[in-house]
Structure formats: C-alpha cells, structure tokens
Protein chains: 2
Amino acid sequence: MGGDFAPQAPVAGALLALAELPAPLELQLVGATAVIESQIAALLAGELSSLAHVRDRLIIVEAPDVIAMTDKPAVALRSRPNSSMVVGIKRVADGLADAFISAGNTGAQMAASTFHLKLNAGLTRPAIGTIFPTANQPVLVLDSGANVDCSPQELVQFARIGATYAQDLLGRSSPSIGLLSIGEEAEKGNAVVKEAHQLLLQSGLNFIGNVEGRDLATGICDRGPIDVVVCDGFVGNVVLKFYEALAPTLIGMVADQAQLDRGTLRRALHQLDADEYGGAPLLGVNGVSIISHGKSSPRAIKNAIRVAQRAYDSDMTAHIRRRLAESVPSHEAPTGSAA
Amino acid sequence: MGGDFAPQAPVAGALLALAELPAPLELQLVGATAVIESQIAALLAGELSSLAHVRDRLIIVEAPDVIAMTDKPAVALRSRPNSSMVVGIKRVADGLADAFISAGNTGAQMAASTFHLKLNAGLTRPAIGTIFPTANQPVLVLDSGANVDCSPQELVQFARIGATYAQDLLGRSSPSIGLLSIGEEAEKGNAVVKEAHQLLLQSGLNFIGNVEGRDLATGICDRGPIDVVVCDGFVGNVVLKFYEALAPTLIGMVADQAQLDRGTLRRALHQLDADEYGGAPLLGVNGVSIISHGKSSPRAIKNAIRVAQRAYDSDMTAHIRRRLAESVPSHEAPTGSAA
C-alpha cells in the first residue's frame, strides 16, 4: 500500500516478477484485501492479461491500515500496528515470509525493520546500501539515506556490512573499501571522516583510503577498483538523488544539442535508470528488508523483488551477522573470545 | 607557479585571455622570472605564435618561492612569504592588482586570501562559490570546498554572500536560496542543516526551503527555479567532483552503447566541462581571489581570468561587504545602528 503509485505499481510489479521467477516462489501482497483483489483483477483484465497463469502464486495478507509517506516514523510505528508496513515486516520476523519489499515511507520501514527484525550485534544503526553504476564496475554506496548524523564508529560498521554485501551480492572477493572524502590524504575530510579513516586502518578490512566524488563516477582510483564507498546518509542521499536526476537531464542536453534521438540515448544510459536496481537492502537487520523509491514503477518493483530474492538466496543476513560477531572487540563480545 | 601544469598552463591561459580581452587590461604573471620568460618565449615560438602582439600586456612579478600542492596551508603561509601565492595575493591587498587567480594549493590560497585580504565583517569564514550547469539555468553552489565542518550560522553567511554573487555575476534579481538537504520538509536533514533552516527563515533572504540532490541536476524545485544552493564544503566538494567526472563517464557510456561519435557528444555536453567556468571566486574576502582546479588547462585559466574580470567589474567584493554590513545584528554592529 506504500509509495506514490500504490497499489497499482506494487501489484503490477509482483505479477511481472512472478512471470520471470520460477515456482515455488510465491509473493504475498500485504494490504487491504478488497483493494488488492480489485487491482489484480483490473491488471489481469487489461495490460497484464497475459499473466493470468501466475495469479495462484500471489497470496493476499490482510492489513487494513496504511502508513502515509508524510507520517513521522516513530509515531506511525506505535500507532499503526495493523498497517501493511508493520504487518509485512512482522511476517519476516515471524518466519512467515523470507523477505519484505516496500516503496512506502523509508523512515517507517527503517524503524519497523530495526524494531521487529532487530539489529545485528555490533551495530548501532542499519544502513541503506545502494548500487551506483560507474564507468567501470558498479559500486556499493552506504549509507545512502538511513542515517544523517553518523559517528566514526558507525562508518566503520557500514564498511563491515558493505564488505559482506559486496562479496555476497556483487561477487567481489576481498572487497575494497573507500571512505568518501574531499581529498586522498588521511588528514582530508570533516572531523568524523578523519577519525573514521584512522579506525578503518585498524579494522582488518581491505581499506584503500579516502575516495573522492570523482571516483564515485569512475569506480576506480589510484589504488585500484572500488567495491564499497562508505559515507554518512546525508552525503550519500544527496549524491544518490543527484545521480538519479542527472540521467534525464543529460539525455535532454545531448538530444537538444547534438540532435540525437531521445530513445537511443535513454537506452544507452539505461544503467543510470534507478528502476534498473529497483530497491536497496536495509543492511544490518536480521532479515531481508528492501527499500524502494517512493516513485517506483512496476518494473522497479519487479527488480526490487529480484534483489530480495538474491539477498535471501545468498544468505546475506546471516553472513553479515556472522562477520559482525567476528569483528566485535573482545571486551564487547558476550563470550570474551580473543578478537 | 601553482597547479599540476604550471607554468605552461597559467602562462598559455594568460596569453589566450589577453587575445580575447581588450586593452588596457594587463596581466601580471607572478613567479620565477626566468622560468616565466622562457615559458612565454616557448609558447610564442610554438603553438601560440599568433599571439605575439599581446606580449607587451604581460608583466612579470618576481616571486622566487613556490607553495607545493601538498604543503600544509598554515605552515606554507608562514614559511613562504616570497611564494608566488603570497606575493600575488599581497599585490591585491596593496592595490597593485585588481584580482588574483591561481590553480595552486586551494587551502593555501584560502588561508593567504583570508589573512592578507581580510574577511568581511559578519563572516567567520570565506566560501568557494561554484556554478553548476543544470537542465535549466546554472545554479551557484556554496560552499564547494573551503570549509568542511560548518555551523548553522556559517551556512546563513554563505546564503548572504551567495545571494549577492548571484545578483551581481549571474544577473538574478532577488535570488532564490535553497538549503541542500535530504527532503523538502524543515525537519529533514542533519542537525546543522535543521538549525540553519530555521535561521534562514528569519534571515530576510528569499529562502525557498530545502532542496535535494535531484534539484541540483534540474535547477528547479516545486517552489520554482533555484539560484543559490547552500551546503557545507564537504558535501559541496563531493558533489562538485562527482559532477565534473560524470561528463566523460557518460560520454563513454553513450558512445559505446549507442555507437555515437565521442566528439559530437563532447560538444553536446560542453556545459558540463569544468574548463568552461575555469575558476570559482573565494567569496567573503576584501578582494577578488579566484580558485582554479589544480588540473586547469590553458582554456580553464583563460576562463578563470574572465571570471576575475567580471567579479572586479561588477564590484562584487564591495557589494558583498555592504550587504553583510546591513545584515549584521545591531548588537554586533560597530556603530549600533538598528538592524
């Protein structure tokens, strides 16, 4: 029920996903049953009429209430226990679903995921990990919007969970971690970044030092290819939204001035299309919770479902939990093992 | 003598600028006289042989020392009083030059400009104002790299100096000011941004609220066109460098996938070329000090000289000083006038 184009986009996205993903995978649509049923009927009678064969793998889970995009997360979480957001995330917590996907209120999804799925030991906050297309290989950027004011320790936590994600979902061995800053040297950056740099040097991760805005565009720096870029959610979100909006801007500039066909350009720049990845996992909670853009199209939802499936199949959640447990300093670890 | 391609790029850029800008404008090249003279001779004997007629408008000012790109600003300022950077800026302070341009060490240029030209009353720091091309009109972004950790009050100072710059150099009447954040609502953003939002509401400026990364790409938001975007120098610098590196990245993507000619694309995206603006003024000091990229080409230097000329001709420095004096709260103003 969440997102700017609900329920049409999530329901259509679910049908498209089922057409691509083989059984026994099933999708549960959480929300007002009557609304969802009539939306399914409308789509199957209309533009998605060829997908009637996947209908029996769609299950409707009743949730009468909705958290609005403008609701304050903490308030919404307490006051709307029967919202599609809370009911859906609780199904993952209760083992009734393997993953949750939403294009709804991001803050509420983060709060509900943290509360019901629980944070991994060793973390103080979860992070959103977003894939940035670059001139070379895609780069994982985190946090891209969950946490605006971060401590140096939290940036190190993001590096740890990002490394595991890059390994499991992007297939990178010993992922290289860059710290987003405004110069390569360790002494460049704001106070938090400078302290995080020192902590990352001692983290045991494959830390390649500071990376700059330009390296986010190329995916590579003097020290080699970059797999993960760590930053606070304020900078990460500004850069992400800037990037998402640039593709149409640039297509317009090029089309106008070089008299080129917009369709050709759009296809050439399809990697920059935010719908291509569809959703970003909330990393650091005990369960798969995929955050999609409020403006997600059916194609974006379909791709977000694929991200959820890959996250589940690769056992990403357990890997992150295990890696964090290994890295918790001995004085914090419950069993007092040598760190 | 500063920048990655000195002395070749600054000397060539000066010759190119003189060819475009009519007398009585003269340029002073500050540095090691013998090195500069042989560089001029080499260029006039070679690729710029058609520019011999501008040679008599080039004056050499001896400065035997150089501040390296990696020198620490505060140390360099004290230990190298005879560097081209310090000698050049002092000429502006002493009324022997109308503007200073450098592609050298940015931190040292900021420190020397602040020390010798002096900050305007009402400011605690200067800011770098950079022009971002957008899908619509260009937008002034400040600070784009001078100050990494800023107070809410400093963001308001940037808004005041940015408004004057947008009026004088971009010709915008009553410039609209946006505060860079991660959501439109006043309560979105990090702690500093949230407090700055409240201060901007009371500033008397044409404050249009928070703007997001996407608005930086389009130059427009729900509340209309954006003239000035205010942010701290960490975020501003990350986004600036990301943008600068994207043009070649995107040209590559489009050329490879749509089989288009790179030259055509480069011309179509010429607005994204950092050389097009050439340099950004350090705003808030009593004199024109233009900061160019370390990798500036001769064309970038030439365009930076044009930026300097426009800044001087429009009397930007005096306007900023006056506007700040008007806006200083009465209890801070030296004469106790009603604010």
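Do we find that B:Val192 is surrounded by fewer than 23 Cβ atoms within 10 Å (Cβ to Cβ) and either without any contact (Cβ under 8 Å) to a residue 40 or more places away in the chain or within 13 Å of another protein chain (Cβ to nearest Cβ) (or both) in this structure?
yes
Pull up the stretch A:308-321, narrow it to residues that are surrounded by fewer than 23 Cβ atoms within 10 Å (Cβ to Cβ) and in contact with a Leu (Cβ under 9 Å, 6 or more places away or on another chain), then point me to the one that is nearest to A:Ala166 (Cα to Cα).
Per the criteria, the residue is A:Met316.
Just checking, which of A:Ala63, A:Ala42 is in contact (Cβ under 8 Å) with a residue 24 or more places away in the chain and among the hydrophobic types (A, V, I, L, M, F, W, C)?
One residue alone meets the criteria, A:Ala63.
I need a count of the residues in the stretch A:158-201 that are closer than 20 Å to A:Asp215 by Cβ, of a type in the set (A, V, I, L, M) and in a helix (DSSP H, G or I).
Residues flagged as closer than 20 Å to A:Asp215 by Cβ, of a type in the set (A, V, I, L, M) and in a helix (DSSP H, G or I) within the stretch A:158-201 amount to 9.
Report whether or not A:Val30 is in contact (Cβ under 8 Å) with a residue 40 or more places away in the chain and in contact with a Gly (Cβ under 7 Å, 6 or more places away or on another chain).
yes
Taking the stated definitions as given, is A:Gly107 without any contact (Cβ under 8 Å) to a residue 40 or more places away in the chain and of a type outside the set (S, T, N, Q)?
Yes, satisfied.
Please go through the stretch A:223-247 and give me each residue that is outside any helix (DSSP H, G or I) and out of contact with any helix residue (DSSP H, G or I) (no Cβ under 9 Å at 6 or more places or on another chain), ordered by number.
Scanning the stretch A:223-247 gives A:Arg223, A:Gly224, A:Pro225.
Kindly check whether there is at least one residue in the stretch B:253-273 that is assigned to a loop (DSSP other than H, G, I, E, B), more than 11 Å from chain A (Cβ to nearest Cβ) and within 20 Å of the chain's Cα centre (by Cα).
Yes - at least one qualifying residue is present in the stretch B:253-273.
Within the stretch A:258-270, is even one residue without any contact (Cβ under 8 Å) to a residue 24 or more places away in the chain and either within 29 Å of A:Cys150 (Cβ to Cβ) or not assigned by TED's automatic domain parsing to the domain that holds A:Ala135 (or both)?
no
Among residues belonging to the stretch A:119-144 that are surrounded by fewer than 24 Cβ atoms within 10 Å (Cβ to Cβ) and over 18 Å from A:Gly178 (Cα atoms), point out the one that is farthest from the other protein chains (Cβ to nearest Cβ).
Top of the filtered list is A:Ala121.
B:Ile305 is checked against (1) out of contact with any strand residue (DSSP E or B) (no Cβ under 7 Å at 6 or more places or on another chain); (2) modelled with pLDDT of 75 or more and fails just one. What number does that condition carry?
(1)
Please verify whether B:Gly204 is in contact (Cβ under 8 Å) with a residue 40 or more places away in the chain, outside any helix (DSSP H, G or I) and surrounded by fewer than 20 Cβ atoms within 10 Å (Cβ to Cβ), treating the condition exactly as stated.
The answer is yes for B:Gly204.
Looking only at residues in the stretch B:138-171 that are of a type in the set (Asp, Glu) and farther than 14 Å from B:Val238 by Cα, which one is modelled with the lowest pLDDT?
B:Asp168
Go through the stretch B:233-243 and report how many residues are touching a residue at least 40 places away in the same chain (Cβ under 8 Å) and either over 15 Å from the mean Cα position of the chain (by Cα) or at the interface with chain A (Cβ under 8 Å from one of its Cβ atoms) (or both).
Going through the stretch B:233-243 one residue at a time, the tally reaches 7.
Which of (1) within 14 Å of chain A (Cβ to nearest Cβ); (2) without any contact (Cβ under 8 Å) to a residue 24 or more places away in the chain; (3) of a type in the set (D, E, K, R) does B:Asp313 not meet, given it meets every other one?
(1)
Would you mention how many residues in the stretch A:274-290 are away from chain B (no Cβ under 14 Å) and under 18 Å from A:Gly3 (Cα atoms)?
9
Condition test on B:Leu155, is it part of a helix (DSSP H, G or I) and either on the phi < 0 side of the Ramachandran plot or in contact (Cβ under 8 Å) with a residue 60 or more places away in the chain (or both)?
yes
Yes or no: A:Leu246 within 13 Å of chain B (Cβ to nearest Cβ), within 25 Å of B:Glu184 (Cα to Cα) and under 17 Å from the mean Cα position of the chain (by Cα)?
Taking the combined requirement at face value, the residue does not satisfy it.
The values are calculated or read from the model by the stated rules, or taken from the named source; none is laboratory data. What you see is a predicted model, and the numbers here were worked out from it, not measured in a lab. Using ideal geometry, Cβ is built from the backbone for each residue, glycine included, and neighbour counts are taken over all protein chains shown.
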